[in-house]
Each structure stands twice: as C-alpha cells, then as structure tokens.
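Enquirer: I have a structure I would like to understand better, so I am pasting it below and will then ask my questions one at a time.
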Amino acid sequence: MPPPDPSLSPPFAFPPMLPYQTLIALDRHATIPLTQQITAAFIALINQGVLPARAKLPGSRHLAAQLAVSRQTVVVAFEDLVAQGWIEQLPSKAATVGAQPPIPVPEPLLEGPASQLAPRAGFTFAPRPAVGPGVRPTAPSLLLGGGSPDARLVPLEALARNYRAASRRALRQPQLLGYSAPEGVLRLRQQLARYLHDTRGVPAGPDDIFVTRGSTMAIHLLTQLLVQPGEVVAVAARSYGEADAIFRHHGAQLLRVPLDAHGLDTDALAQLCQQQRVRLVYVTPHHHYPTTVALSAARRVHLLQLAAQHDFVVLEDDYDFDYHYDGAPILPLASADRSGRVLYVGSLSKVLAPAYRIGYIVAPSDVLAALAPIRVLLDQLGDPLLELAVAELFADGGMQHHLQRSCKTYHERRDVFCEALHQHLAPWFSFTPPAGGLALWGVFAAGIDLPMLAAACARQGLSIGEGQPYRLPTDQQAHLRLGFAAHTADELRRSVHILEMCLRQLW
Ligand SMILES: Cc1ncc(COP(=O)(O)O)c(C=O)c1O
C-alpha cells in the first residue's frame with residue numbers, strides 16, 4: 001500500500017485532544033458548583049500554557065462525556081469563560097482560547113526585577129524616629145541579639161500539618177476564609193485560657209482573651225484606647241525600646257522610674273505619683289527587660305497598692321514567662337489582680353518564633369470590647385488558619401512538649417554561655433547569671449568602647465549589637481544584653497572566643 005500523501009492528512013486539532021478527564025479533577029462533594037470547578041480548571045490550563053492562545057477546545061457534548069457531567073454544565077462553564085475573556089466562541093464553531101489572556105501571565109523571574117521606581121518620594125514628609133532596638137534582618141553567622149528562641153527547635157512539621165488541616169477545614173467551612181471575629185478564633189482563646197491558667201495561674205476564660213498579631217500590636221491597641229496625648233506613661237529607667245516608642249508614638253509623656261536589682265523601684269514610683277498624675281505604668285516583672293531581674297514579691301504588692309491608690313493602669317508585658325531555670329517563678333501580677341487594673345500582654349514570639357505573629361491581651365471585658373473596633377480599623381482580624389493550627393498544637397500536647405524541650409535546651413545553653421563568659425571574659429565583662437529567660441545582661445569594664453568592639457566582632461561574623469537603646473546619660477560603662485538561646489553550645493563557645501579575641505586585640 002503506498003504511504004499516505006502527507007498533504008492529504010486530516011489537520012491535527014491543536015493541541016491534540018487532551019485527556020480532560022485526567023487534567024480536570026472534579027470534586028463532586030465540594031460546595032463549589034461543578035460549572036465553577038470546570039471554569040477554574042480551564043483558566044489554570046491556559047495560565048500553565050497547556051492550552052496556548054487560539055487552541056481549539058473540545059465540543060461541549062464531547063467534554064461533557066469525558067467529564068461525566070451534563071452538557072448544560074459544560075455550556076454554562078464555557079459561557080462563563082467567554083464572559084471573562086478567556087475563550088472565544090463563534091456561532092456553530094468550536095470554542096478557542098483567546099489570543100490574549102485577560103490577566104497577563106508574569107514572566108517567571110530568577111531574581112527580583114530592577115527597580116524603576118523614583119528613588120525618592122515626590123512629596124515631603126517627616127519620618128518617625130527609629131524605633132527602639134529595631135528588628136532588622138541581619139545574616140551574620142552568629143547573632144547574640146536581645147534574646148530570640150532557636151528557630152531550629154520550632155515544631156515546624158506539626159505546625160505545617162495543622163495549618164494544612166485548618167485549610168482543608170476551610171473547604172467545608174468557607175466562612176473561615178472570610179472576615180471573622182477581631183478577637184481571634186475561639187478554639188485558640190480556649191487553649192490559651194487553659195495554658196495561662198495551668199502554667200501561671202492567670203484566671204482568664206476564653207472571653208477574657210483578645211488575640212493580636214504579637215504583643216507589639218497588643219501594646220499599640222491598649223495605648224491607643226487608654227492613653228490620651230500628653231498623659232504620663234511611667235517606664236523603668238531602662239525599658240523595652242519598642243514599648244517606649246509606641247507610647248511616644250501615641251503622644252504620651254514618658255517618665256522614667258529608677259531600677260535596681262529588685263526591678264522597678266516602687267518607692268520612686270510612689271514619689272512620682274505624688275507629683276504627677278500617672279495614667280499607665282509599663283512593667284516586665286518576670287524578667288525585667290533588658291536587665292533580666294525579677295520584680296520582688298514585696299514590690300509587686302506595692303505596685304498593685306499604688307495602682308489602686310493613684311488610679312493608674314498596669315500594663316504587664318510577660319514576654320518570656322515560660323523560661324525559668326532556677327526555682328519556681330513568681331506568678332504574674334495578673335494572677336493576683338481582682339481589681340481590673342492589670343492588663344496582661346503575652347506572645348508566642350519567644351515560645352515559637354517571632355514570625356508566628358500571635359500575641360494576646362487578657363483584660364476586663366469592657367476593655368476588650370472597646371479594643372475590637374480599633375483593631376478592625378488597623379487590621380480587620382488576625383490569621384484564623386494560623387490561629388487554628390496553633391490551637392491544635394496546644395490541644396494535642398505538642399506545645400507543652402516543645403516548651404519542655406526548649407526550656408531544658410535553653411537552661412543548658414545558659415550554663416554553657418555563663419561558664420564560657422566567666423572563664424574567658426572575666427576581666428572585661430561582668431554579669432549575674434539570669435534565673436531564666438533567653439538573654440543575660442552585663443556590664444563592660446571602664447574604657448571599653450562597645451561600638452568599636454561590636455564592629456570588630458562583626459568582621460569575625462559575630463553580631464552583638466551596640467547596647468544603644470538602653471544607654472543612660474549617666475552611664476560610665478557600657479551595658480549589653482546578650483541572647484544565648486538561639487545558639488548551640490558550640491556556637492556559644494565560638495562567640496565567646498571571638499569576643500575574647502577582639503577584646504585582647506583592642507584592650
Ligand atoms: C519585652 C518584650 N515584649 C514583647 C516582645 C515580643 O514582641 P512581639 O510579640 O510583637 O513579637 C519582645 C520581643 O523581643 C520583648 O522583648
């Protein structure tokens with residue numbers, strides 16, 4: 001038989017008839033109608049280039065048979081695609097992919113595109129002063145920052161699994177992806193209530209808790225609600241720089257109260273209250289930030305008495321309660337307060353990692369109700385899927401296990417770090433080992449120039465910060481907060497070795 005004349009071959013459909021029954025997976029139990037599923041599948045095939053511009057689509061009868069749906073379902077889906085501009089259909093002709101997809105598909109980029117934006121704003125504005133210690137992404141090999149947890153210990157697999165399960169749940173409950181309660185999902189608030197009760201005696205129910213994106217947002221919301229411009233906020237002489245900046249940002253008058261080895265000096269606060277109307281006092285009683293000391297029991301009682309006597313709000317920032325190594329911790333002020341004066345703020349930034357933006361406020365219900373409209377204006381709501389994922393980590397015991405493991409690891413690291421510092425830095429740096437937390441606080445010998453030391457360490461791949469946010473005008477010697485939790489014993493010893501080498505070279 002002679003070979004077929006190629007010029008007589010029937011034209012190939014372009015592309016050849018695709019196996020649509022495999023390419024388009026329809027979920028017949030989903031709440032999304034089949035027509036919408038078919039529309040979405042064709043858009044995906046066009047975007048992926050499987051169906052190029054002008055490609056011929058199968059007839060509706062044929063496709064309906066392949067997908068085992070009614071012909072009408074395909075007709076409606078195609079009408080939808082025509083209306084959206086993805087395909088074209090002329091009377092009694094096969095439908096074809098449009099020449100130009102309605103949404104241009106971006107070119108895949110290996111690197112970010114070169115910026116073509118104007119290098120400066122075309123209008124004038126006054127930038128805000130730099131905020132406290134700042135959170136700048138740096139990539140030194142060793143970073144002894146202010147006290148981060150070790151990201152390598154985070155139960156990432158469990159969190160990812162839980163997030164996936166929460167996303168699947170959204171398939172059945174699409175309202176999970178809509179605007180929901182600004183105070184956070186109930187399941188997480190229930191779990192947080194149990195955790196706060198069991199670990200530190202805070203007697204909160206789920207409705208006494210407001211979930212925020214980190215404690216930074218919590219402090220912002222509370223300040224906006226409670227502090228009018230010009231009102232006095234009292235903080236310790238050295239205090240958490242971000243909180244200082246938030247109070248200033250809201251126009252508060254920031255007054256500083258002396259600080260010693262027992263925490264904030266409440267006698268000095270009493271004197272201040274005699275002279276000034278104080279609206280709010282910000283404290284970190286568990287481990288004072290940055291000096292790490294615990295507020296003594298006597299001063300806690302005094303602080304609560306002063307709050308009642310002078311009618312001020314106590315904002316208790318309990319950022320690292322979970323980490324205590326030497327003996328039992330003193331319970332938070334919020335566990336003892338029944339007068340509704342203590343507002344308790346916490347966060348999972350030290351429990352998991354700062355990237356999981358979950359913080360919370362425990363406060364009387366009238367305060368929480370007033371926070372909701374402020375949060376809505378700023379952020380609408382948090383991240384319900386993440387909140388559900390984290391709630392499950394609490395519910396299945398994964399969080400408790402993670403905390404036990406982290407606490408044990410950080411305890412060992414504290415000991416290694418303190419030992420190495422004592423051994424190698426004794427003439428230059430003195431400190432008291434912290435009873436808990438993720439960082440220690442120390443002071444350099446007179447004459448040591450901290451920025452110069454920091455620059456020398458940075459050249460060796462070690463970042464130690466420059467201690468700026470906590471410097472007092474009266475300081476004769478440089479102080480420094482050094483985080484130890486994020487590094488292994490070997491890394492900590494290497495850091496101390498670099499510090500010693502630089503100190504030896506310079507002094
Ligand atoms: C004193 C203090 N409060 C709160 C936080 C946590 O802030 P956020 O929860 O916004 O990450 C930190 C983190 O470094 C802190 O040091």
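Enquirer: Against the longest principal axis of the chain, how steep is helix 489-506, in degrees 0 to 90 to the nearest 10, with axes from Cα atoms?
Expert: It works out to around 60 degrees.
Enquirer: Another question, if that's okay. Give me the percent of DSSP beta bridges within the chain that run antiparallel, rounded to the nearest 5.
Expert: Antiparallel bridges: around 55 percent, rounded to the nearest 5.
Enquirer: Could you state the angle between the C-alpha long axis of helix 384-395 and the longest principal axis of the C-alpha atoms of the chain, as a value from 0 to 90 degrees rounded to the nearest 10?
Expert: 60 degrees
Enquirer: Cβ neighbours within 10 Å, averaged per peptide: list 94-102, 314-322 in order, most packed at the top. Intermediate results must be reported in sequence, preceding the final value.
Expert: Details: 94-102: 15.0, 314-322: 23.7.
Answer by packing, highest mean first, reads 314-322, 94-102.
Enquirer: With a 1.4 Å probe and every protein chain left in place, work out the accessible area per residue of the chain in Å², rounded to a whole number. Spell out each step's value before the answer.
Expert: On the way: 26240 Å² over 507 residues.
Normalised by residue count, the accessible surface of the chain is 52 Å².
Enquirer: Carbon and sulfur atoms: what percent of the 1.4 Å accessible area of the chain do they account for? Please report the intermediate quantities before stating the final value.
Expert: Working: 14940 of 26240 Å².
Answer for the chain is 57 percent, counting heavy atoms of protein chains only.
Enquirer: Starting with the highest mean, order 34-40, 324-330, 386-392 by the number of other Cβ atoms within 10 Å, averaged over the residues of each peptide.
Expert: Values: 34-40: 18.1, 324-330: 13.9, 386-392: 22.9.
So the peptides 34-40, 324-330, 386-392, ranked by packing, come out 386-392, 34-40, 324-330.
Enquirer: Ok, one more. So what's the angle, to the nearest 10 degrees on a 0 to 90 scale, between helix 297-310 and the longest Cα principal axis of the chain?
Expert: Here the helix axis deviates by roughly 80 degrees.
Enquirer: Further question on the same structure: Could you grab the relative contact order for the chain? Cα pairs under 8 Å, six or more apart, rounded to a whole percent. Mind dumping the intermediate values first?
Expert: Details: 763 pairs, mean separation 86.4, N = 507.
Across the chain, relative contact order equals 17 percent.
Enquirer: Among 415-421, 272-278, how do they line up by average Cβ neighbours within 10 Å per residue, starting with the highest? Intermediate results must be reported in sequence, preceding the final value.
Expert: Numbers: 415-421: 19.4, 272-278: 14.3.
Listed from highest to lowest mean packing, they are 415-421, 272-278.
Enquirer: Cα to Cα, under 20 Å, and not fewer than 8 places away if on the same chain: which lysines meet these conditions relative to Lys408?
Expert: Lys408 reaches Lys350.
Enquirer: Here's something else I'd like to know. Using only the Cα atoms of region 155-396, what are the Rg and Dmax in Å?
Expert: In Å, with Rg to one decimal and Dmax whole: 18.1, 60.
Enquirer: Taking a cut-off of 12 Å between Cα atoms, list the aspartates and glutamates near Lys93, but don't count ones fewer than 8 places away on the same chain.
Expert: List returned: none.
Enquirer: Now for a different question. Express as a percent, rounded to the nearest 5, the fraction of DSSP beta bridges in region 264-367 (both residues included) that run antiparallel. Can you show the working numbers first?
Expert: Numbers: 4 of 12 bridges.
For region 264-367, the DSSP antiparallel bridge percentage is about 35.
Enquirer: Note down the relative contact order for region 330-375 as a percent, whole number, built from C-alpha pairs under 8 angstrom at least six residues apart.
Expert: Numbers: 33 pairs, mean separation 13.3, N = 46.
Relative contact order, region 330-375: 29 percent.
Enquirer: Okay, next question. Can you give me the convex hull volume of the Cα atoms of the chain, divided per residue and expressed in Å³? Before the final figure, lay out each step's value.
Expert: Working: hull volume 125.4 nm³, N = 507.
It comes to 247 Å³ per residue, whole-number rounded.
Enquirer: Please report the relative contact order for region 155-396, taking Cα pairs under 8 Å with a sequence separation of at least 6, and give it as a percent rounded to a whole number. Don't skip to the answer; put the middle values down first.
Expert: On the way: 405 pairs, mean separation 71.6, N = 242.
Relative contact order comes out at 30 percent.
The values are calculated or read from the model by the stated rules, or taken from the named source; none is laboratory data. Predicted model only: the values in this text are computed from it and were never measured. Positions of Cβ are backbone-derived with ideal geometry, glycine not excepted, and every protein chain shown enters the neighbour counts. Note: areas computed on protein heavy atoms with side chains; ligands, DNA, RNA excluded. Shrake-Rupley method; radii C 1.70, N 1.55, O 1.52, S 1.80 Å.
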